[in-house]
Amino acid sequence: PYVVRELKIADYIFFVGEKLAPVLIERKTADDVAGSLHDGRWERQQRSMRKAQYVLGGGSARRCQICYIIEGDASKRTVHGGNVGRRTWFQSVDDVENAIAKLPSLGFSVMRSKSTLDTIGILAKVVQDVSWKANNGNIDIMYSYEQFLSRVKKLGDDKGDPPTDRVHQNPA
């Protein structure tokens, strides 16, 4: 079973009963990355997800997986002028790929997907993993979605800063 709703943070969240599992996934196509870089959403979304990680992951321990699924190949999404997405965004293939390559140092796991169908397969595997962990007591679940949003909203912006502790950089 699944629920479709507009989410304030991340594109995919997972529930164990009525509580949130500590896994947050943001899905972006190469075009989405270019657009997000252009309009500033790229950094804002990352900050929001790191704040969410702080809440769901037990504070500074950050035992919450934050991930990006990058769908498609930026080099195949170029338009006239060699930019990715809209020409007026002025984002080259290198700009997009460099931003993606930097994600692990900022605390994010990155999963690459070739298509929407491939993304569905990745999400199905995440669901299996969360379900297995829940059934075996290997997952910390503490908050309903509303409690989670309330706690994230109360956090200072510093909780969304990129990790400085190497333990939280370059996750598997």
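The values are calculated or read from the model by the stated rules, or taken from the named source; none is laboratory data. Owing to the predicted nature of the structure, the values given are computational and were not obtained by experimental measurement. When we count neighbours, we look across all protein chains shown, and the Cβ atoms used for this are built from the backbone with ideal geometry, even at glycine. Accessible surface areas use protein heavy atoms only, side chains included; no ligands, DNA or RNA. Shrake-Rupley method; radii C 1.70, N 1.55, O 1.52, S 1.80 Å.
Points worth noting:
- Per-region count, segment 2-60, residues at positive phi and open to solvent by 70 Å² or more (accessible area, probe 1.4 Å): 0
- Index of the failed condition, Leu117 passing every other in (1) buried (at least 18 other Cβ atoms within 10 Å of the Cβ); (2) over 16 Å from the mean Cα position of the chain (by Cα): (1)
- Subset of segment 77-98 [within 13 Å of Ala30 (Cα to Cα) and in contact (Cβ under 8 Å) with a residue 24 or more places away in the chain]: Arg77, Asn83, Val84, Gly85, Arg86, Trp89, Gln91, Asp95, Val96
- Any hit, segment 152-163, residues being touching a strand residue (DSSP E or B) at 6+ places or on another chain (Cβ under 8 Å) and part of a helix (DSSP H, G or I): no
- Filter result for Ala101 (under 21 Å from Thr119 (Cβ atoms), of a type in the set (A, V, I, L, M, F, W, C) and free of Cβ contacts under 8 Å to residues at least 60 places away in the same chain): yes
- Verdict on Ser105 being at negative phi, open to solvent by less than 30 Å² (accessible area, probe 1.4 Å) and touching a Pro at 6+ places or on another chain (Cβ under 8 Å): no
- Of all residues in segment 125-151, exactly one satisfies the criterion of being free of Cβ contacts under 8 Å to residues at least 24 places away in the same chain and within 23 Å of Ile100 (Cα to Cα), namely Lys125.
- Beta carbons closer than 6 Å, at least 6 apart along the sequence or on distinct chains, pair a first residue in segment 12-31 that is under 18 Å from Arg50 (Cβ atoms) with a second that is assigned to a strand (DSSP E or B) and open to solvent by 30 Å² or more (accessible area, probe 1.4 Å) for Val23/Gln65; Ile25/Tyr12.
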